[in-house]
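Single-structure report; data block below.
FYI, it's all coordinate maths here, none of it is from the lab. Owing to the predicted nature of the structure, the values given are computational and were not obtained by experimental measurement. Glycine gets a Cβ as well: all are built from the backbone with ideal geometry, and neighbour counts include every protein chain shown.
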Amino acid sequence: MALSDASATQAAQPDSLEAPLYTLHGMWCTSCALAVEGALKQQPGVLDASVHYPTATVWVKGEPDATTLDALAPNVARLGYRLAPLEDLQDAHARLEQESRYLTLRLIVGSVFGMWTMLASLLIYAGAMPTAALESVLAWVSGAFAIPVVSYAGLPFYRAGWRTLRARRPGMDVLVSLGVLGAVVVSLGLLWRGSVEVYFDTAVMLIVLLLVGRLVETLCRQRGLKAFDALALPDTSVQVLHQGQVQETAIEEVTLGQRIAVAPGDVVPLDGSLETDGWLDTATLSGESQPRFVGAGQPVYAGCRFMGRGGQGGSLELTVTATAGQRRMDKLCDQMRRFQTQKGELHTLAERFAAWLSPAALVLAAVTLPIAWLMGVGWDEASVRALSVLVVACPCAVGLAVPLASLAGSSQATQQGIALRDPAALEVLAKVRSVAFDKTGTLTQGQHRVLHAMLREGEEAELFRQQLAVAVRQSEHPLANGLRHWASGTSRAQVEVHETPGAGQTITFADGHTWWLGSTAWLAQQGKEIPADAKHPAYGFASEVLVADEQGWLATLYLADQPVPDAQITLAQLQDAGYVLALISGDRQGPVQWLGQRVGLPREACYAQRSPEAKARLLEALPSPTLYVGDGVNDTLSLAAAAVGVAPLHASDAAREGAAAQLLYPGIAGVARLLRVAQRTRRIMVQNLLLSALYNTLALGLVVTMAIPPLVAVLAMAASSLSVTLNAARLTWAEPDALGPTHGSPTPHPAAEHAAPPSADRSRPTA
C-alpha cells in the first residue's frame with residue numbers, strides 16, 4: 001500500500017513549516033528573544049510563536065490574518081524591535097558583519113578607557129599612593145575614565161534592558177544595567193563621603209567582559225551561518241535560447257519552460273530537463289569526485305558544473321523546470337532555516353531557567369539591602385552586597401548554553417555532508433538506540449549487476465557478451481544497464497527489436513539470426529523450452545534474465561541490486577557503537593537476506609515483504625528512540641513514526657520532506673557521522689547547562705551569605721559566559737570526520753564479494 005506524496009508529507013511536517021517565517025532586527029541577547037516571543041504569544045489570534053536568537057528568525061502559528069507581517073510588526077515595534085520578511089543569506093551575513101563592527105568599536109572604547117580605570121583602581125588597592133589626598137584624586141580619575149565606558153560602550157545593555165522591562169520579561173540586560181549603574185552610584189556616594197573604596201572598575205569590567213563574550217558569540221553565529229553557504233547558489237545571468245537567438249537574462253527573470261544554454265565549465269544555474277547530453281560534475285549535490293555522463297531527457301539540478309560533451313563541443317541545453325527560489329538547493333536551504341527555529345528539550349529548559357532566574361535575582365537583590373542593614377551591616381556594605389547579587393545573577397551563560405551548541409552542531413553536520421533541517425533533532429539523535437534502513441535506494445545503489453551467468457554447453461562466452469552488448473544497447477529496461485555493464489564490445493551493428501513491455505524482447509541481428517530475451521514465462525509463450533539445468537538454485541533470490549535462440553535455451557543471467565560501497569563498514573561501526581540495527585524492506589526474503597549477508601547484518605535483523613504500515617509497527621517495537629533511513633514514498637510513514645528520519649541523497653521529495661536530515665553524499669556513512677556529531681553536541685549542551693546552572697546557583701548562595709567584592713562577581717560571571725561560548729565554539733572549530741565518497745569510499749570486505757548466496761526463500765507478504 002503506497003502513501004500519496006501530499007498526505008505523507010503533511011503528516012510528517014512540523015507546525016513551523018506551515019507557519020510564516022520572519023527576521024527580527026534589534027535583538028541583543030536571548031532575553032530580547034524571550035521578550036518578543038512572549039509578546040507575540042499574547043497577541044490575539046496567535047497560537048504559538050518561537051524566536052531563535054542565534055539566527056534572528058521568528059515563526060508564528062495561528063490564524064492567517066493574525067500572523068501576517070502587518071499584524072505582528074506594530075506589536076513588536078512597540079517593544080523597540082523591528083520585524084521584517086525573512087532575510088536572504090547575503091543580508092544575514094551583512095547584518096552579522098555590521099554587528100561585529102558595532103561590538104568591536106564599543107569593545108575598543110571600553111578596553112582603552114577601562115584600562116586606565118583598572119590601573120587607577122589597582123594602584124589604590126595596592127596602597128601605592130603616598131598620601132590619602134592622592135588616593136582620592138586617583139579615585140576620581142578612575143571614575144572619569146569610566147564615563148566613556150559606562151555611557152557609550154554599555155549603551156546597548158541599557159537599551160535591551162529597557163525593552164525587556166517594557167515587555168514585562170526582565171532578563172540579563174536588566175541585571176547588567178542595574179549592576180553597572182549601581183556600581184557607579186555606590187562609587188559616587190562613597191567618593192562624596194570621602195572614601196576611596198570605589199567600584200568603577202566593577203562597572204568597567206562588567207561591560208568589557210560582556211562585550212568580549214558577545215563578540216565571540218557573534219563570530220560563532222557567523223561561522224554557523226556558513227552552513228548555508230554550501231547550499232547557496234550564485235546569482236548570475238542566464239543564457240536564454242529564444243527563436244534561435246541567445247539572450248543574456250537575469251536569473252530571476254527566467255520563467256518555467258524556457259530553454260537555456262550552459263557553456264562548458266559553467267555552473268548550471270537552474271533546475272531543468274536536459275535537451276542535450278553531456279558530462280556533469282555533480283560534487284555539489286552528490287559528492288561524487290568524478291564527472292558522470294547524463295543523457296538527454298534526464299533531470300539536472302542547479303549547482304552542477306557542465307564539463308563538456310566529450311569532444312563534441314557545444315553548450316548544454318536544458319528546459320527550466322524550477323526558477324530561482326524554487327530550485328532544489330533553494331528549497332533545501334529554506335527548509336533548513338525553518339527547522340533551525342525549532343527548540344529542543346534542553347533549549348527550552350535553559351530558557352525557562354533564565355526566565356526564572358532574572359526576576360528572582362531582582363527580588364533577591366532588593367531584599368538583600370534591608371536584610372543586611374537589619375543585621376548590623378552598614379549601608380555601604382549592604383549596597384555592595386546587593387550590587388554583587390545583581391552581577392552574579394546575570395543568566396548570560398544559561399541563555400547561550402543550548403542555542404550556540406545547537407548552531408555549532410548544525411554547522412559541523414553540514415561540514416560532514418549532512419543537511420540537518422531540524423537542529424532540535426540533535427538532542428534526540430544523541431539518545432538513539434536503534435537504526436533501521438530501507439533496502440532499495442538506501443542500502444543499495446539502485447544498480448543491478450550480473451552475479452552469475454550460465455551458458456549453453458559449447459557456447460563461447462566472449463562472443464556471447466559481444467552479442468549481448470549489441471542486443472541490449474538501446475534497451476530502457478531497469479536491468480538493461482546491468483547487462484550492458486557485464487557485456488563487452490562496442491559494435492554499432494544494427495539490430496531490429498520488438499519489445500513486449502515488462503516481459504521480453506525479440507532481437508533480430510544483421511546476419512538474420514534471432515534472440516529471445518526475457519522472463520521464463522515469456523520465453524515459454526514463445527515456444528522456448530527451458531531445461532532443468534538452465535537454472536542455479538543458489539541464485540533464486542536474484543533477478544533472472546533468460547536468453548534463447550533458434551536452437552532453444554542459450555543463457556541464464558542473474559542480477560542483483562548492489563549495496564552502496566560504504567554499507568558494510570558503516571554498519572559495522574554502528575554495531576560496534578552498540579546500536580540495534582535492522583533492515584526493513586518490502587522486497588522478497590531472498591534478496592533481503594542476500595543483501596544482509598553482504599553488508600554484515602544477521603539474518604534475524606533482516607525483515608522482508610513489509611508493507612508501509614508493517615514497517616512503522618516494526619519501528620515501534622525496536623528499542624527507542626529510533627532512527628530510520630529511507631528514500632521512497634512508501635517510507636514516509638516510517639520516517640514519521642521514527643524519532644528521527646534521515647533521507648539519503650537521491651530520496652524522493654516526500655521522503656526529504658518527512659526527514660529531519662538529508663545526506664548530501666552517496667552512501668550511508670553520513671548516518672554514523674551524524675550520530676557522532678549529535679553525541680558531541682548534546683555532550684556540550686549538557687556541559688554548558690551544568691556550568692551555567694551551577695555557577696548561578698552557587699554564586700547567588702555565596703553572595704547572599706558572605707561579602708564578595710563586586711569585581712570578583714564580575715570576573716566570575718564573565719568567566720561563566722565565556723566558558724559556555726568557547727565550549728560551543730570548540731565543536732564548531734573541530735576538524736570534521738573524514739568524508740566518505742569524496743575522500744575514498746570504503747569497500748566491502750573481499751570475503752563478502754564471494755560469499756555464497758542464500759537459498760531462495762519466497763515467503764508470503766506480511767501485512
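Only one residue of T520, A453, A480 has its Cα farthest out toward the positive end of the dipole of the range 445-562, where Lys and Arg carry +1 and Asp and Glu -1 on Cβ, and that residue is A480.
With R₀ fixed at 51 Å, the C-beta to C-beta distance from Q326 to S195 puts the FRET efficiency at about 0.15.
Add +1 for every Lys or Arg and -1 for every Asp or Glu among the other residues with Cβ under 14 Å from the Cβ of H25, and state the total. Present the calculation step by step, with values, prior to reporting the outcome.
Details: positive: R82, R95, R159, R163; negative: E87, D91, E99.
It works out to a net charge of +1.
Relative to its Kirkwood radius, the Cα radius of gyration of the range 445-562 gives an Rg/Rh of 0.92. Stretching the chain fully between E499 and R683 yields a gain of 60.3 nm (0.36 nm per residue, less the alpha carbon separation).
A crude spin-label estimate for the pair A577 and R484, with each label 7 Å from Cα along the Cβ direction, gives 3.8 nm.
The packing ranking of peptides 562-572, 513-523, 659-669, 454-464, highest mean first, is 659-669, 562-572, 513-523, 454-464, where packing means the average number of other beta carbon atoms within 10 angstrom of each residue.
Using R0 = 22 Å, the C-beta based FRET efficiency linking T697 and L374 works out to 0.30.
Between W162 and Q474, what length in nm is gained on full extension when 0.36 nm per residue of separation is reduced by their alpha carbon distance?
Details: separation 312, 0.36 × 312 = 112.32 nm, distance 7.38 nm.
Value of the extension gain: 104.9 nm.
The residues E97, E275, when put in order of fewest to most other Cβ atoms within 10 Å, stand as E97, E275. A crude spin-label estimate for the pair A510 and L726, with each label 7 Å from Cα along the Cβ direction, gives 7.7 nm. Counting alpha carbon pairs within less than 8 Å and at least 6 residues apart, what relative contact order, in whole percent, applies to the range 11-91? The value is 36 percent.
Overall, the range 11-91 carries a charge dipole of about 320 debye about its Cα centre when +1 sits on the Cβ of Lys and Arg and -1 on the Cβ of Asp and Glu, all other atoms neutral.
Note on D266 and A144: their simple-model spin labels are 6.7 nm apart, each label 7 Å out from Cα toward Cβ.
Using the 10 angstrom Cβ neighbour count as an exposure proxy, how do T236, T368 rank, fewest first? Intermediate values should be presented prior to the final figure.
Numbers: T236 11, T368 21.
With the fewest neighbours first, T236, T368 line up as T236, T368.
By the beta-carbon count within 10 Å of each Cβ, the least crowded to most crowded order of S692, S50, S410, S475, fewest first, is S475, S50, S692, S410. FRET efficiency for the pair V112 and Q90, taken as 1/(1 + (r/R0)^6) with r the Cβ-Cβ distance and R0 = 41 Å, rounds to 0.80.
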